[in-house]
Amino acid sequence: MSKGKGMHSLCDHRPMQIASPCVVSLSWRLEDAHGQLIDELVEPVEFFVGGDDLLAKVEDVLIGQQEGFEATLHLEPEHAFGDYDPALVFFEERSAFSGHIEEGMQFDGVPEGATTQGLPNEAVYTVTEAYDTHVVLDGNHPLAGIALVLALRVRGVRPASDVEIEHRSVAQQTFTVLNPAPPSPQVH
């Protein structure tokens, strides 16, 4: 029997499966391997699948699933934010920075005025210590070197818009710790 106007097959009402590209709404609880809470999304947040919003291992688990799917992932550093690289920690003269400097400040790329040579410009550098004469900058992701446990739940799945596909990201995404580093040979 062919479908006439206004008639739908039973398959038209199946939940959408996660496939690249699409957008998923997730809630989760992220802990370190010792059970210390790092991040929790109680209210769902949207992420683009097939782009730059999620870690590859998270996407791998989501592909083929649908709304309601739950999983607990154990992510070693190499599948999350990489190993901690002490070469990305360095001292700079405080005088190299104009204005106020304090612990926790971040610079997208090597800060202007920095004199340390050979640092990757695509890293985000965090001021981890600030002294009268110098500051300590760290280009590692804050979760580098840490094994993680992620308990997640898919709260929704929808097709990605053309804009989201073009940008490989959800346009108005909230920052979370599971945003991977910018694509580069260096993991931060």
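For the reader, a short list of remarks on this structure follows.
This table checks each residue for (1) of a type in the set (A, V, I, L, M, F, W, C); (2) in contact with a helix residue (DSSP H, G or I) (Cβ under 6 Å, 6 or more places away or on another chain); (3) surrounded by 13 or more Cβ atoms within 10 Å (Cβ to Cβ).
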position	(1), (2), (3)
Ser25	no, no, yes
Asp39	no, no, yes
Glu43	no, no, no
Phe47	yes, no, yes
Gly51	no, no, yes
Leu54	yes, no, yes
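- Residue match in the range 160-168 (condition: closer than 28 Å to Glu43 by Cα, among the polar types (S, T, N, Q) and either in contact with a Cys (Cβ under 9 Å, 6 or more places away or on another chain) or not in a strand (DSSP E or B) (or both)): yes
- Of all positions in the range 128-138, none carries a residue that is out of contact with any His (no Cβ under 6 Å at 6 or more places or on another chain) and either over 17 Å from Phe97 (Cα atoms) or basic (Lys, Arg) (or both).
- Highlighted here are the strands (runs of 3 or more DSSP E) found entirely within the range 34-146 that include at least 3 residues which are touching a residue at least 40 places away in the same chain (Cβ under 8 Å) and within 27 Å of Ala160 (Cα to Cα): 37-49, 70-75.
- Filter result for Phe97 (surrounded by 11 or more Cβ atoms within 10 Å (Cβ to Cβ) and at pLDDT 90 or above): no
The values are calculated or read from the model by the stated rules, or taken from the named source; none is laboratory data. Since we're looking at a predicted model, the values are computed, not measured. As a convention, Cβ positions derive from the backbone with ideal geometry for all residues, glycine included, and neighbour counts pool all protein chains shown.
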